[in-house]
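First the structure, in the form of structure tokens, and then the observations on it.
Please treat every number below as a calculation from the coordinates, not as lab data. The structure presented is a predicted model; accordingly, all values stated were derived computationally and were not measured. Heads up, the Cβs are rebuilt from the backbone with ideal geometry, glycines too, and the neighbour counts pull from every protein chain shown.
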Amino acid sequence: MYYDPASRLTLPEGVVLATIGRRIGAYFLAIVLCLVTLVIGYIIWGLIAWGRGQTPVQQVLGLRCWNPDSGRPARWWRMALREIIGGICEGFLSGITQLVSFILFVTRKDRRCLHDLVGGTVVIHDPHRVLPR
């Protein structure tokens, strides 16, 4: 574990906080994957991937949801909270909440958006797959 002074988080060795560009790319890739898998496939894939602290897009891009409080990847229930409750707060309520979420994401040092705050997670990039699956 090491302390990342930029984000003020303790992260595992070999991983970094996901960049803004990678996170924005993940947002648009999620739209494409939803369409390609006819939404139902994406939901099923997501339910399986949540157990590893990932969404389907994060699995493709080598990203993980990290729980800084426990010092471990997010587990299934935390991912469900992040994706379902956080998704409702962020996306379904209004465009204003989505804009607020984006502003939070761009301005916070730990790059948390609204659904990350709801789930208590940060998104990290694990390019060398050092975290257990």
Response to the item:
Spelling it out for Arg72: with amide H atoms placed in the peptide plane at 1.01 Å from N, the residues 5 or more places away or on another chain with amide H under 5 Å from its amide H are Asn67
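At a Förster distance of 25 Å, what's the computed FRET efficiency of Tyr3 paired with Arg129, Cβ-Cβ distance as r, to 0.05?
Calculated value: 0.70.
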Worksheet item: Looking at the range 9-115, which GluC sites (Glu not before Pro) are DSSP coil and have at most 15 other C-beta atoms within 10 Å of their C-beta?
Response: Glu13
Worksheet, complete the sentence: Simple SL model, points at 7 angstrom along Cα→Cβ for Ser70 and Ile85; separation in nm is 1.4 nm
Worksheet item: If you plug each phi of the range 84-91 into the Karplus form 6.51 cos²θ - 1.76 cosθ + 1.60 with θ = phi - 60°, what whole-Hz ³J(HN,Hα) values come out, in order, with x for Gly and Pro?
Response: 7, 5, x, x, 5, 4, 7, x
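Run the numbers on the range 15-125 and let me know its relative contact order in percent, using alpha-carbon pairs under 8 Å that are six or more apart.
For the range 15-125, the relative contact order is 30 percent.
According to the square roots a ≥ b ≥ c of the eigenvalues of the Cα gyration tensor, what is the shape class of the range 15-125, taking rounded for a/c under 1.5, prolate for a/b larger than b/c otherwise, and oblate for the remainder? Walk me through the numbers before you get to the answer.
Details: a/c = 1.34, a/b = 1.09, b/c = 1.23.
Rounded, because the longest to shortest axis ratio a/c is under 1.5.
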Practice prompt. Taking the Cα centre of the chain as origin, sum charge times position over the Cβ atoms of Lys and Arg (+1) and Asp and Glu (-1), and report the length of that vector in debye to the nearest 20.
Written response: 160 debye
